[in-house]
Amino acid sequence: MGNFFLEITLAKNKDTPWVTLLNSQARQSAADRAWQSINRFYQNCGAPTRHLMAHVAAPSSRAKISGKKGFPKFKKYSRSVEYKLTGYKLSDDRHKIKFSDGFKAGEFDLWCSQRTLVYYSEQQIRRVRVVRRADGYYCQFLIDVERQENHEPTGQVTGIDLGLKEFYTDAQGNTVDNLRYLRRSEKRLKKAQRRLSKRFRKGKKQSNNYHKQRVKVAKLHLKVSRQREDKAIKDALALVQSNDLVVYEALKVRNLVKNRKFSKSISDASWYQFTEWLNYFAKIYRIVCIAVPPHFPDFSQINLKAQSRDEK
């Protein structure tokens, strides 16, 4: 009822006439995300949910958390729109997509290095999200399929210790380098941001040169973000494929970045992103992945003690 109320309110608001041009299911999807953020805020506060939110989650389903509660923020410039089952049409060869809502965007080519979309039926494609990035527009497809990969048992068990000097050190003493992508790109970023700052005109309409430079800065940040994600995926996949059990530190990155001396280096390491991919690959390869508190004894010490007992 809550998301339906938000959708009707936006559709009837005179300040947002463009909402009626959007596909009805796309409006529902946007209302769903807004309602989830509102409900999460009330749950984090520990307050009982309002009568409109009672169907989303019970008041006792989540305890009150300390610190910031995640107050919902209005996103003025949305960079994505999500369609459920209507509002778009895929070609038979899956090379084109056509949007049929009131905006009349038309037909677009789908460019992908791997044409895997042809293997899935229209019933398996549950949602389509159009996302705007600094270098163009992208289509994300939510596909209803169970992914499982075969894992050959290796007999290896390891634990990893995350760090800043080395990205991680495992129980066997092997290390993975921390490539520090942001530090490497910092010189180019500073130069590009200085040019952007010089072209800014306070209280005036910005020039085309300003917007061109703004896109260049955004592309540099996007490149760093993609480099981090690519490294996290490759490191996590290699770790899962070479071990039957992986234990890692459950670091509270949210608290660690409060240290102003190391916050940039901690964010550049992207530990959280790595552990998320580690858990994902552990699930599809069906191996055991355990998160332990940071104060747990060092994995390398445990491994040495186990080896000494075996020798005795």
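Observations on the model:
- Residue check for ASP109: in contact with a helix residue (DSSP H, G or I) (Cβ under 8 Å, 6 or more places away or on another chain) and not assigned by TED's automatic domain parsing to the domain that holds SER29: no
Let's see how each residue does on (1) under 22 Å from ASN243 (Cβ atoms); (2) touching a residue at least 60 places away in the same chain (Cβ under 8 Å); (3) charged (D, E, K, R):
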| residue | (1), (2), (3) |
| --- | --- |
| LEU164 | no, yes, no |
| THR175 | yes, no, no |
| LYS190 | no, no, yes |
| ARG199 | no, no, yes |
| LYS204 | no, no, yes |
| ASN208 | no, no, no |
| GLN213 | no, no, no |
| LYS219 | no, yes, yes |
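- Filter result for the condition that a residue is touching a residue at least 12 places away in the same chain (Cβ under 8 Å) and either surrounded by 13 or more Cβ atoms within 10 Å (Cβ to Cβ) or outside the structural domain of SER263 (by TED's automatic domain parsing) (or both), over ARG194, ARG129: ARG129
Per-residue answers, yes or no, for (1) under 20 Å from SER29 (Cβ atoms); (2) of a type in the set (S, T, N, Q):
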position: THR116; (1), (2): no, yes
position: ARG127; (1), (2): yes, no
position: ARG132; (1), (2): yes, no
position: VAL157; (1), (2): no, no
position: THR169; (1), (2): no, yes
position: GLN172; (1), (2): no, yes
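- Within region 147-187, if we keep just the residues that are surrounded by fewer than 15 Cβ atoms within 10 Å (Cβ to Cβ), of a type in the set (D, E, K, R) and touching a helix residue (DSSP H, G or I) at 6+ places or on another chain (Cβ under 6 Å), the residue that is modelled with the highest pLDDT turns out to be GLU149.
- Tally of residues being basic (Lys, Arg) and under 18 Å from the mean Cα position of the chain (by Cα) across region 220-267: 7
- Of the residues in region 189-200, at least one is touching a helix residue (DSSP H, G or I) at 6+ places or on another chain (Cβ under 7 Å) and not in a helix (DSSP H, G or I).
Listed here are the residues, each with its yes/no results for (1) among the aromatic types (Phe, Trp, Tyr); (2) under 28 Å from LYS231 (Cβ atoms); (3) in contact with a strand residue (DSSP E or B) (Cβ under 9 Å, 6 or more places away or on another chain).
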site: TRP111; (1), (2), (3): yes, yes, no
site: VAL118; (1), (2), (3): no, no, no
site: GLU122; (1), (2), (3): no, no, yes
site: ILE125; (1), (2), (3): no, no, yes
site: ASP135; (1), (2), (3): no, yes, no
site: PRO153; (1), (2), (3): no, yes, no
site: GLN156; (1), (2), (3): no, yes, yes
site: ASP161; (1), (2), (3): no, yes, yes
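Matching residues to (1) surrounded by 15 or more Cβ atoms within 10 Å (Cβ to Cβ); (2) closer than 30 Å to GLY136 by Cβ; (3) at pLDDT below 95:
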| residue | (1), (2), (3) |
| --- | --- |
| TYR210 | yes, yes, no |
| LEU222 | no, yes, no |
| ILE233 | yes, yes, no |
| ASN259 | no, no, yes |
| PRO293 | no, no, yes |
| PRO297 | no, no, yes |
| ARG309 | no, no, yes |
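- Taken over region 120-139, the residue count meeting the criterion of being in a strand (DSSP E or B) and more than 30 Å from LYS216 (Cβ to Cβ) is 3.
- Only a single criterion out of (1) closer than 15 Å to LEU162 by Cα; (2) in contact (Cβ under 8 Å) with a residue 24 or more places away in the chain is not satisfied by SER242, namely (1).
- Positions within region 54-77 being closer than 24 Å to ARG27 by Cβ, modelled with pLDDT of 70 or more and loosely packed, with under 10 Cβ neighbours inside 10 Å, in sequence order: LYS73, PHE74, TYR77
- Residues satisfying the stated conditions in region 78-92, i.e. part of a loop (DSSP other than H, G, I, E, B) and at pLDDT 85 or above: LYS84, LEU85, THR86, GLY87, SER91, ASP92
- Number of residues in region 235-257 that are crowded, with 16+ Cβ neighbours inside 10 Å and part of a strand (DSSP E or B): the value is 4.
- Assessment of region 167-175 against the conditions (small (Gly, Ala, Ser), closer than 21 Å to TYR272 by Cβ and in the same structural domain as TYR248 (by TED's automatic domain parsing)) yields no matching residue.
- Test: residue in region 261-280 that is touching a residue at least 60 places away in the same chain (Cβ under 8 Å), under 22 Å from PHE167 (Cα atoms), assigned to a loop (DSSP other than H, G, I, E, B) and of a type outside the set (Lys, Arg): yes
- Selection within region 37-53 - surrounded by fewer than 16 Cβ atoms within 10 Å (Cβ to Cβ) and modelled with pLDDT of 85 or more: SER37, PHE41, CYS45
The values are calculated or read from the model by the stated rules, or taken from the named source; none is laboratory data. Since this is a predicted model, take the numbers as computed values, not measurements. Every residue, glycine as well, gets a Cβ built from its backbone with ideal geometry; the counts of neighbours run over all protein chains shown.
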